[in-house]
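None of the figures in this text is laboratory data; all of them are computed from the coordinates on show. Treat the numbers as computed from the prediction; the structure is a model and nothing was measured. Here the Cβ positions follow ideal geometry from the backbone for every residue, glycine too, while neighbour counts run over all protein chains shown.
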Amino acid sequence: KTIFLSDYTPYPWTVESVNLHFSLDPHATRVRSVIRFARNPAYAGDTPDTMFLHGEQVKLISAQIDGTAVDPEVTGEGLTCAVPAGSFTWEAEVEIDPANNTALEGLYMSNGMYCTQCEAEGFRKITFYPDRPDVMSVFTVTIDGPHPVLLSNGNPVKTGEHHAEWHDPWPKPAYLFALVAGDLVAHSDTFTTMNGRQVDLNLYVRPGDEGKCAFGMGALKASMTWDEQVYGREYDLDLFNIVAVDDFNMGAMENKGLNIFNSSAVLASPETSTDMNFERIEAIIAHEYFHNWTGNRITCRDWFQLCLKEGLTVYRDSQFTSDMRSAPVKRISDVIDLRGRQFAEDQGPLAHPVRPESFQEINNFYTATVYEKGAEVIGMLKTLVGEDAYYKAVELYFDRHDGDAATIEDWLKVFEDTTGRDLTQFKRWYSQAGTPRLSVEESFELDTLTLTFTQHTPPSAATPEPQPLVIPIAIGLIYPDGREALETKVLEMTKEVQSFRFTGLEDRPVASVLRGFSAPVVLTHDLSDADRMLLLSADTDPFNRWEAGNMLARTTMLAMIRDGAAPDPAFLNAIKGIALDESLDPAFRALMINWPGPAELANVLHEAGEVPDPEQLFTVGEQIRDAMAETFADAASDLYARHSVSGAYQPDAAQSGKRALSNVMLAFISRRSGTETAQAQFDSADNMTQQISALSQILRHGEDSTALDAFYQQWKDDRLVMDKWFGLQVSCAKPEDGADTARRLTDHPDFNHKNPNRFRAVFGALIGHHAAFHHKSGDAYTLLADWLITLDPLNPQTTARMCSAFQTWKRYDADRQARILAEVERILATPDLSRDTTEMLTRIKGA
Ligand code: ARG
Ligand code: ZN
């Protein structure tokens, strides 16, 4: 069944209050609900005389309306019941089975603890309720259970062992409900808000994980301060709780006052977490905290508006990371990620607008397009209206819509009202699928440069007739001698073809176009290698400086792929020069040495109408790494030593940048001279970043498995580190061994497909290993399909998510296409396949 945005109608009732009582039991939890309904004045028609409540996999024990027993009609999706004309009270008791809930949606158990995940539509697995985001209410929750820690949203009314009572004064939709019960320990702290409110902060973890809380707590406090300082947003309860859970489908969830986190997204220690883990944890904690205003205080009218909270919150967390760490490094990493994941999605059969217009299963739309392109759209809006106008508009958004379930129209209206702009055309960014192509032609006469831009969005099933977009094009001009001829200026392109003139120039400059990646487009700009070399050395915009190098790297690799050309030593040496330039941030230098990966090259070849050959892409990648290792032969050891960090480990930008750079050098050294240095680093490492970088070089270039086994012995009791142990073996496998390695690991006693982190450790790594996943034998396709078939009945959400591995199938050769299609069809033919997986594979297969 397909749901359409255009079919939206308000719910006929409002919910004035909700009282829930939980009696916890692994297989027979009882939930009693008392819900006050009143007529919704915003509902246009006559109030119906029957009401529908969502409910799935809940057993109705009894139901009453205003104290009189009723006998509703129950189906697999909910119940329908005759109701009185005015206000009324619904009471029900239901029974659910958390211990058998392997889908990890609703109330479920993880290692003996109870926890919930309700977004998007999980609350209906807890009790009967109008489970839609525009129905908001005040919740009071009591819990009886066998555990010492019993948590729900809001402020505690009564807490004690085995019984607790919670009241959340802020009206919220059911998807923000949460409950946790377990034998947990708290890492506690306090925060004083800008208006002097004292907030108790707790990070709840299982005993044994106490030592992994300090960093997350620090990140939470930094987020709270940042949101006050930058957006003027203050926290609004006496308490903020975070709980870490091992079995979780996503990263984390912003339940009001009770965020629930995948333990991989919150637990951190130097010994067990890499620098990248620390940065990601800091960002996710910020993301979930920022949802308190962008998501919770102002929520979404319906699930089509998901980007209203997700795009904005991703944008806010990226601003936070830029402020806490390095803004250029964050921007470059975000663009690499956007090109890798969102562009692939937007250019294949799963393409959909940032605000989709229809879906079958909303869980399938928590995508890179909704999240990351959604954030890019906010960034473009800010670029267009300017910094001051942006914050003014957002301030109006908070004032005007606090307490609302809002829409994208509401969001754009505050910008129109504060700036006087008409955003009708800009709104197409929300309604059109596909990555726009932007090309630029230059002409220079006397003292005038003319740039003529052409935009074109390829039609897709979701958007057959794309219209021109408003594209903010940030631009600068650089004279051949390296002086800046024009500082960054934002051009506003609205037409299909549009020219911009720059006069009074002393000489023909090189145009630095799309600075900071000011719009999520594929840019075609025919610059000569010499011009790119100039930008690489002299551009004042750090993103475009990196981009110039990235484009040269791309050109180099494409020439190797297309005509077997050798890489230009001048370019390799230019990169080396940057790597050795001690005036530059080591993290930035590490990014500059990083060459486009096979997935990105496959995207580029596909955009150019060519068929990528995974084997060849792998070979060219190896050749480049060999050439780089040669180029750095006389410099790698020195740079490695110079950037080795001495002193106590800090996960900050400064230290992690040094480790990033030195570990690139370690890779060059290991490639040329074997694993002696890597082994020494492995043996002496006192932190996971150093240990695992060394181990990956040993796996790639060494002979024996001593280090791998030692790593296992050292960490076998740490789930999160064991996820790395599983994943790394697949990532480091030779392409022809990838599927076998993954298969062997699924036989390991520590493999558990019911744990999403472990499942993703193996299969995420296999999918991410382009040459292994697309090995011509087709073994990896078959192995993944086998496991998706196994997992689907247990956990449809994670299964459906992993199906996106097949989304690029049409870009490969006929043989690979046939193999993938056969697997897709084999999965689709599985009896009782979930709605989630069915929708994904049907869309991937195409009409
Ligand atoms: N709102 C969460 C976040 O982005 C994601 C939860 C999505 N859950 C799901 N089952 N689709 O912070
Ligand atoms: Zn979010």
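Tabulated data for the structure shown
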read-out	value
Helix 688-701 vs. the chain, principal-axis angle (Cα, 0 to 90°, nearest 10)	60
Only Lys, Arg (+1) and Asp, Glu (-1) charged, at Cβ; the range 424-546 dipole about Cα centre in debye	600
Only Lys, Arg (+1) and Asp, Glu (-1) charged, at Cβ; the chain dipole about Cα centre in debye	360
Peptides ranked, highest mean first, by Cβ atoms within 10 Å: ranges 608-615, 191-198, 591-598, 798-805	798-805, 591-598, 608-615, 191-198
Long-range Cα-Cα pairs in the range 37-147 (distance over 19 Å), rounded percent	51
Selection of GluC sites (Glu not before Pro), the range 32-112, meeting DSSP coil and at most 13 other Cβ within 10 Å	Glu77
When each of Lys309/Lys810; Lys212/Lys330; Lys212/Lys658 is checked by Cα-Cα distance, pairs over 30 Å	Lys309/Lys810
Cα-based reach from Lys59 at 22 Å (exclusive), listing lysines while leaving out same-chain residues under 8 positions away	Lys125
Along principal axes, Cα extents of the range 522-594, largest first, whole Å	37, 23, 19
Rounded FRET efficiency, nearest 0.05, which uses the C-beta distance separating Asp563 from Thr102 and R0 of 51 Å	0.45
For the chain: relative contact order, % (alpha-carbon pairs under 8 angstrom, 6 or more apart)	8
Whole-number percent relative contact order across the range 551-688, with pairs defined as alpha carbons under 8 Å at least 6 apart	24
Enclosed volume per residue, in Å³, of the convex hull spanned by Cα atoms of the chain	163
Tilt relative to the chain, helix 719-731 - C-alpha long axis, 0 to 90 degrees, to 10	40
FRET efficiency, Ala69 to Thr540 (Cβ-Cβ, R0 56 Å, nearest 0.05)	0.15
Peptides ranked, highest mean first, by Cβ atoms within 10 Å: ranges 579-589, 655-665	655-665, 579-589
Above-threshold pairs, the threshold being 25 Å between Cα atoms, out of Lys392/Lys427; Lys1/Lys427; Lys172/Lys413	Lys1/Lys427
Backbone HN-Hα couplings from phi across the range 749-754 [Karplus 6.51/-1.76/1.60, Hz, Gly and Pro as x]	x, 8, 7, 8, 6, 6
Relative contact order (%) - criterion: Cα under 8 Å, at least six apart; region: the range 222-265	31
The range 13-66 versus the range 315-363: alpha-carbon centroid distance in Å	37
Backbone HN-Hα couplings from phi across the range 308-315 [Karplus 6.51/-1.76/1.60, Hz, Gly and Pro as x]	4, 8, 7, x, 5, 6, 4, 4
Zone residues, the range 437-462, relative to Ser6, backbone N less than 17 Å from point 7 Å out along Cα-to-Cβ	461-462
Long-range amide H partners of His187 with built H, under 5 Å	Leu203, Tyr204, Val205
Sum of side-chain charges, Ala739 neighbourhood, beta-carbon under 15 Å (Lys, Arg +1; Asp, Glu -1)	-2
Rg/Rg_globular for the range 497-539, with Rg_globular taken as 2.2 N^0.38 Å and Rg from C-alpha atoms	1.30
The range 739-785: trypsin sites (Lys or Arg not before Pro) falling in loop per DSSP and having at most 16 other Cβ within 10 Å	Lys754, Lys776
Sequence ranges 58-65, 279-286, ranked by mean other-Cβ count within 10 angstrom, highest first	279-286, 58-65
Qualifying aspartates and glutamates (Cα of each under 16 Å from Cα of Lys158; at least 8 residues distant if same chain)	Asp144, Asp168, Asp200, Asp238
Cα-based shape type of the range 561-609, given that a ≥ b ≥ c are square roots of the gyration tensor eigenvalues and the cut on a/c is 1.5	oblate
Two-site FRET efficiency, Ser684 against Leu505, from Cβ-Cβ distance with R₀ of 56 Å, rounded to 0.05	0.50
Rh (Kirkwood; distinct C-alpha pairs) - the range 264-327, Å	12.7
